[in-house]
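Asker: First the structure, then my questions, so here it is.
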Amino acid sequence: MIGIVSRLFAREPVLSDARPGDARALAALHGASFHRGWSDGEFERLLFDRNIVAHRAVAGRSLIGFIVSRVVLEEAEILSIAVASPRRGSGLARQLLDINLRRLAGLGARSVFLEVDESNVPALRLYRRAGFREVGRRKAYYPAGHGSAALILRRDLV
């Protein structure tokens with residue numbers, strides 16, 4: 001009982017697997033974080049997919065971050081990662097990335113890919129520090145504002 005009460009009032013995030021019941025909260029955070037947020041239904045379908053690996057960070061009763069990846073055979077792709085704005089810059093994204101990469105490696109993924117807006121400096125810093133390197137570029141991929149490129153990044157896990 002004490003454990004349940006302490007988790008409800010925890011200031012430190014608790015990281016765990018995301019489940020289909022988290023779809024609404026994930027969609028809300030995604031919508032607050034990106035130009036085109038994914039719907040509850042999109043998240044629910046993802047979270048029921050056996051190839052999806054998803055983790056969430058919760059503080060008290062609030063979702064404060066998540067990461068969603070897809071693994072197929074020996075390759076994986078990070079589909080999305082988001083952290084609530086008051087928690088950005090706290091290292092939470094790195095914690096989510098680390099737990100996700102460990103799970104992907106445990107499932108047999110040998111390499112992980114992702115796409116990131118070239119103008120998203122905090123995300124690029126996170127990924128480069130985590131060992132990702134640029135392997136491609138999609139010019140004018142993101143239409144919002146200036147039509148920036150999507151950088152395709154890769155990290156080998158073995």
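Read-outs throughout are calculated quantities, based only on the coordinates presented, and are distinct from any laboratory measurement. Not measured: the values here are computed from a predicted model. Here Cβ is always computed from backbone atoms with ideal geometry, including for glycine, and neighbour counts include all displayed protein chains.
Asker: Quote to one decimal, in nm, the extra length available between ASN51 and GLU75 on full extension: 0.36 nm per residue of separation minus the C-alpha distance between them. Kindly include the intermediate steps, with their values, before the conclusion.
Answerer: Working: separation 24, 0.36 × 24 = 8.64 nm, distance 1.10 nm.
Result for the pair: 7.5 nm of gain on full extension.
Asker: Continuing with this model, one more query. Cα axis of helix 92-106 to longest principal axis of the chain: angle in degrees, 0 to 90, nearest 10?
Answerer: The helix 92-106 is inclined about 80 degrees to the chain.
Asker: Along the charge dipole of the chain, Cβ charges K/R +1 and D/E -1, which of PRO13, ALA76, GLY65 sits furthest on the positive end?
Answerer: PRO13
Asker: Treating only the Cβ of Lys, Arg, Asp and Glu as charged (+1, +1, -1, -1), what charge dipole size does segment 40-148 show about its Cα centre? Round to the nearest 20 debye.
Answerer: Its charge dipole is roughly 420 debye.
Asker: If contacts are Cα pairs under 8 angstrom and at least 6 residues apart, what is the relative contact order of the chain in percent?
Answerer: 17 percent
Asker: Next up: Pairwise over distinct Cα atoms, reciprocal of the mean inverse distance: report the Kirkwood radius of the chain in Å, one decimal place.
Answerer: 16.2 Å
Asker: In addition: Please report Rg over Rh for segment 67-151, where both radii come from the alpha carbon positions and Rh follows the Kirkwood definition.
Answerer: 0.97
Asker: Could you give the length gained on full extension between ARG138 and LEU107, defined as 0.36 nm per residue of separation minus the Cα-Cα distance, in nm?
Answerer: 8.3 nm
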